[in-house]
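The values are calculated or read from the model by the stated rules, or taken from the named source; none is laboratory data. Note that this is a predicted model, so its numbers are computed, not measured. Cβ coordinates were reconstructed from backbone atoms using ideal geometry, including for glycine residues, and neighbour counts include every protein chain displayed. SASA here: full protein model, heavy atoms, side chains in, ligands and nucleic acids out. Shrake-Rupley method; radii C 1.70, N 1.55, O 1.52, S 1.80 Å.
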Amino acid sequence: MTSSGTNAHRPSAEPRSPAWELLLPAASAPARGRGRALRSALREAVRSGRLAAGTRLPSSRELAADLGVSRGLVTEAYEQLTAESYLRSGQGAGTWVSEGVRAAERPVRDRAPRAEGALVDFRPGTPDLSLFPRSAWSAAQRKVFGRLPHGALGYPDPRGLPELREALAGLLVRRRGVVADPERLVVCSGVAQATTLLGFVLRDEGVTSVGVEDPGSPEHASLFAATGLGTVPLPLDDEGLALAPLKRSGVRAVVTTPAHQFPTGIGYSAQRRGELLDWARDADAVIMEDDYDGDFRYDRAPVGALQGLDPERVVYTGSVSKSLAPGLRLGWLVAPAALTGRIVARKRTMDLGNPVIDQAVLADFIARGGYDRQLRRCQRAYRERRDALVAALDEHFPGATVSGIAAGLHIIARLPARYGPEDVFLERAAGAGVALRPLRDCGTAGSADGTLPLVLGYAHLAPGDIAGGIAALAAAWRSGRPVPADGRRSPGVGAPAAAGH
């Protein structure tokens with residue numbers, strides 16, 4: 001390589017500069033693709049900074065001789081990259097690397113949420129990803145690829161593939177008591193997209209703020225904020241969302257988790273469910289039901305969805321994030337008739353619909369009974385892990401209480417006040433490699449009775465990891481200094497989100 005201010009001539013016998021070494025694979029590429037390979041290699045050398053801005057390139061004759069290729073190939077590459085502004089040239093002035101090119105940031109970063117350094121992560125929100133039915137899912141994929149017509153690979157109905165909407169409607173009617181018309185069901189990228197779709201439609205109707213449960217999922221506020229809506233935290237009582245503050249708030253829309261409230265773990269009482277619907281009718285309001293883990297009840301059959309009582313006032317949302325994997329990004333929204341058209345129109349402009357093949361595989365998986373089998377498998381595993389967590393708390397934290405119904409993928413554990421202050425307890429936990437989420441992170445001001453309320457997730461942890469993590473937590477508190485956990489990183493440990501999915 002010859003830099004600015006130096007002699008451009010360099011005999012081909014001299015050692016090649018490190019920058020030109022990047023071009024050697026291109027020079028030895030098959031003849032038909034050699035020109036394309038050379039252009040690509042030159043671009044990459046400029047983008048990466050190996051050829052710095054202001055560097056003078058050898059003449060086409062010299063570089064061709066260096067690389068053992070035709071001069072015309074190099075001339076064509078120089079002309080193409082000059083047209084693209086990677087290079088610049090002037091009459092009789094040679095060819096230079098353009099000053100307008102900035103080297104790209106090279107590291108490829110993984111920004112997936114994780115608990116860095118945690119040996120055991122009790123934060124809620126993630127299922128056991130090792131339970132994903134790989135063999136059954138692969139078999140469904142093979143069936144789909146074998147029968148899917150070419151025309152199905154075009155832009156889909158923004159609501160979702162008809163066969164998936166029919167399969168989901170049947171599933172929701174049967175398992176959750178939803179009034180599910182396939183024509184009013186929209187396949188979404190999880191409940192997160194369902195929330196933003198509803199937020200945009202409400203904003204277009206003149207709604208300025210949405211009520212959210214307090215404590216509740218932190219995700220709801222951030223998702224609505226992205227659509228231009230504010231949120232109003234609304235307190236709970238023992239039966240669900242407290243009615244008096246809701247009525248005083250003046251909101252015309254509210255988000256609820258009635259089957260298994262996140263994070264308190266209560267189920268809305270029958271009376272409160274009826275009162276909430278009465279409020280919606282009187283206030284001409286909309287209720288969004290986030291049924292994030294409604295299939296997982298361990299002491300009895302799950303209570304049916306609120307939407308089944310008034311499908312024209314409740315927008316029902318759910319996903320496979322807890323039952324299969326959040327990485328699939330597959331969920332659904334069942335809309336009231338008055339909102340369906342606007343939600344579908346917004347979905348069309350947002351992304352033109354979800355990936356066709358993934359939808360077709362899920363439809364086949366549901367239709368052939370694979371999804372029901374997966375739910376039964378998860379229920380058995382998660383019930384065992386919940387029992388292991390409750391037993392470990394009883395053993396290592398005498399006096400701790402667990403509130404809420406036997407359901408879902410998390411519990412609220414209230415440790416006696418003697419384990420406080422909370423900040424010190426959390427600091428010792430972090431030092432022991434145990435990641436925790438205090439209840440205060442979910443919007444509540446804290447504990448009024450002096451206890452230490454923690455939101456503990458267990459679904460992604462093996463029973464042995466649960467027992468070991470709680471034991472390490474107790475040891476760290478007793479010693480007054482961090483006591484490391486057993487040192488084995490649990491498979492599936494990550495930095496889970498809250499209820500949103």
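A few remarks follow.
- Failed criterion for E427 (all others in (1) touching a helix residue (DSSP H, G or I) at 6+ places or on another chain (Cβ under 8 Å); (2) outside any strand (DSSP E or B) hold): (1)
- Selected residue (only one of A221, A167, A225 is under 25 Å from the mean Cα position of the chain (by Cα) and within 18 Å of S319 (Cα to Cα)): A167
- Qualifying positions in segment 45-70 - more than 17 Å from T95 (Cα to Cα) and surrounded by fewer than 18 Cβ atoms within 10 Å (Cβ to Cβ): S48, G68, S70
- In segment 204-232, the residues that are surrounded by fewer than 16 Cβ atoms within 10 Å (Cβ to Cβ) and not hydrophobic (A, V, I, L, M, F, W, C): D204, E205, G206, T208, S222, G228, G230
- For L73, the conditions (1) within 29 Å of A462 (Cβ to Cβ); (2) modelled with pLDDT of 90 or more are fulfilled apart from (1).
- Test for R176: is it closer than 25 Å to P258 by Cβ and either in contact with an Asp or Glu (Cβ under 7 Å, 6 or more places away or on another chain) or modelled with pLDDT under 95 (or both): yes
- Search result, residues across segment 382-401 that are touching a strand residue (DSSP E or B) at 6+ places or on another chain (Cβ under 6 Å) and in contact (Cβ under 8 Å) with a residue 60 or more places away in the chain: L393, F397
- Just so you know, in segment 98-140 the residues that are of a type in the set (G, A, S) and modelled with pLDDT of 85 or more include one that is farthest from G464 (Cα to Cα), and it is S98.
- Leading residue by the ranking (most open to solvent (accessible area, probe 1.4 Å)) among those in segment 111-147 that are within 26 Å of A363 (Cβ to Cβ) and among the β-branched types (V, I, T): T126
- Total residues in segment 421-430 satisfying the condition of being closer than 22 Å to H460 by Cβ and either surrounded by fewer than 17 Cβ atoms within 10 Å (Cβ to Cβ) or hydroxyl-bearing (S, T, Y) (or both): the figure is 1.
- Among residues of segment 31-43, those that are within 10 Å of Y86 (Cα to Cα) and open to solvent by 20 Å² or more (accessible area, probe 1.4 Å), counted: 1
- With respect to the conditions (1) touching a Phe, Trp or Tyr at 6+ places or on another chain (Cβ under 7 Å); (2) in a loop (DSSP other than H, G, I, E, B), P124 lacks only one, and its number is (1).
- Residue that is most open to solvent (accessible area, probe 1.4 Å), among those in segment 149-189 that are among the charged types (D, E, K, R) and in a loop (DSSP other than H, G, I, E, B): D181
- Test for G94: is it open to solvent by 40 Å² or more (accessible area, probe 1.4 Å), more than 27 Å from the chain's Cα centre (by Cα) and farther than 30 Å from L473 by Cα: no
- Residues located in segment 448-459, provided they are touching a Pro at 6+ places or on another chain (Cβ under 6 Å) and assigned to a loop (DSSP other than H, G, I, E, B): A459
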